[in-house]
Structures are given as C-alpha cells and as structure tokens.
1. Considering only region 133-152, I want to know if a residue exists there that is buried (at least 17 other Cβ atoms within 10 Å of the Cβ), of a type in the set (Gly, Ala, Ser), in contact with a strand residue (DSSP E or B) (Cβ under 7 Å, 6 or more places away or on another chain) and modelled with pLDDT of 90 or more.
2. Looking at this structure, is Ala10 at pLDDT 90 or above, under 18 Å from the mean Cα position of the chain (by Cα) and not aromatic (Phe, Trp, Tyr)?
3. Exactly one of (1) assigned to a strand (DSSP E or B); (2) buried (at least 16 other Cβ atoms within 10 Å of the Cβ) is unmet by Ala169. Its number?
4. Name the residues in region 66-76 that are in a loop (DSSP other than H, G, I, E, B) and at pLDDT below 90, would you?
5. Could you list, in sequence order, the residues of region 77-110 that are touching a residue at least 12 places away in the same chain (Cβ under 8 Å) and either in a loop (DSSP other than H, G, I, E, B) or more than 19 Å from Trp128 (Cα to Cα) (or both)?
6. Working carefully through the options Arg44, Arg51, find the one that is more than 25 Å from Ser204 (Cα to Cα), assigned by TED's automatic domain parsing to the domain that holds Cys24, among the basic types (Lys, Arg) and in contact with a Ser or Thr (Cβ under 9 Å, 6 or more places away or on another chain).
Amino acid sequence: MSGTRLRELARRPRDVAGEAQERCELCGQPIPDEHRHVLDLGTRELRCTCRPCSLLFDRPGAGGAHYRIVPERRLRLHGFDLADPLWEELRIPVDMAFFFHSSAAERVVAFYPGPMGATESLLELTAWRQIECAHPVLAGMEADTEALLVNRARGAREAWLVPIDDCYALVGLIRLRWRGLTGGKDVWEEIGRFFGALDRRSRSVAGRAEEVTST
C-alpha cells in the first residue's frame, strides 16, 4: 500500500466533515470524507469509491477477479483469548497484528504495524487453525477484505473483526506519528483514540467456541 493512501486513511475523519476533497477512483465523481473502498486484488491497493460505485460492487461477484468491495461490519470479539505461548508461536515481534485470508497466497497471512509500515510475519498455519477453532466467528471472515485485528499492547487483550481499511488506517497512523524507539506519548494517545473509536463503532459478539455454542 502506498504512503499516500496510508496518509489518507490515517487522517480520517478529517476536520471538515462532508467536504468533497477527493474523487471516486473509478468514475471520477467527487466524494465526501466518509466513503467506502474497493480492494484491487491484483495490487492490494484500496481505491476510494462514490456511493453509486460502491453499490455497484456491493453484490456477490460484481467485481470479478479484479475488485472487491470492503465490507462495513465491525465486531468486537468478546472473550477473545489468545494465550501468550500461542502468540509467541505466531512469530509476531510486537503487540499488535492483523490477519486475513489472502486469495493470492491461498492462506491466512499476518501483518504487524510499525514505523516503516506493515510488515508480514511468517505465520504458521497450524497456529492459525488453533485460533480459528477456538473462535468460530473467524470462519466467516471475508477473504482479502476483512481481518482479525488484535491489540495486546500495554496489557490490552482486545480483538475485532474489521474491514481491512481499518487495519491500514492503524498502519498509517503509526507510520506517520511514530517518534524515536518507543513511539512517543503522542502516538500512543492516538492509538488509544483509534481503538476507542473502533470500539464505539463495533457490535460485540461472542468470541470463543463455548460462548458461541451457548447463545
């Protein structure tokens, strides 16, 4: 994903709500700050779309093998449990990461945000199977366009199923605001606000197998 698009995602929402400062990257029409994206499956680039174009692609198979609309659902996974040994098995060196089914790779891939952008982790498939088995809601995750976002930073134990553009927004925020070795106070405040806003926009669902079975 380009640095320009990361900056665009990291800035949302902007200071002047509703001002059409951008154009749809499919038809060229002006679009407001709050708009949907389609994912270019070939380049993994997100493209901004106007409402008519997003509605056009919001149908099964509408984008063929080229474009896929990014969903809007956000689920807070209540009771999500990822034990420390399993996290270590995932080989992720930081305390935040996102996971999604990649059609190109034909497997689940893991990325973690950092000052240089998003870095892929060498995810062991057996580790992912353990996570998915314990949390059946993840089986319904849309390929390429939805992700499991996990936050374990500073003692947190939180997880969401989110649109992939939320993950790139977090990546952009960290890349733009990180200072020094530890990031600095400002970036951690921004990260806290990011997850707080995500929580407010999310619907809480059971995150573990036994909870899903009992509902």
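The values are calculated or read from the model by the stated rules, or taken from the named source; none is laboratory data. Since the structure is predicted, the reported quantities are computational estimates derived from the model, not experimental observations. Glycine also receives a Cβ, built like all others from the backbone with ideal geometry; neighbour counts cover every protein chain displayed.
1. For region 133-152, residues buried (at least 17 other Cβ atoms within 10 Å of the Cβ), of a type in the set (Gly, Ala, Ser), in contact with a strand residue (DSSP E or B) (Cβ under 7 Å, 6 or more places away or on another chain) and modelled with pLDDT of 90 or more: present.
2. no
3. (1) is the only condition that Ala169 fails.
4. Matches in region 66-76: His66 only.
5. Of everything in region 77-110, those that are touching a residue at least 12 places away in the same chain (Cβ under 8 Å) and either in a loop (DSSP other than H, G, I, E, B) or more than 19 Å from Trp128 (Cα to Cα) (or both) turn out to be Gly79, Phe80, Asp81, Leu82, Leu90, Arg91, Ile92, Pro93, Val94, Asp95, Ser103, Ala104.
6. Arg44
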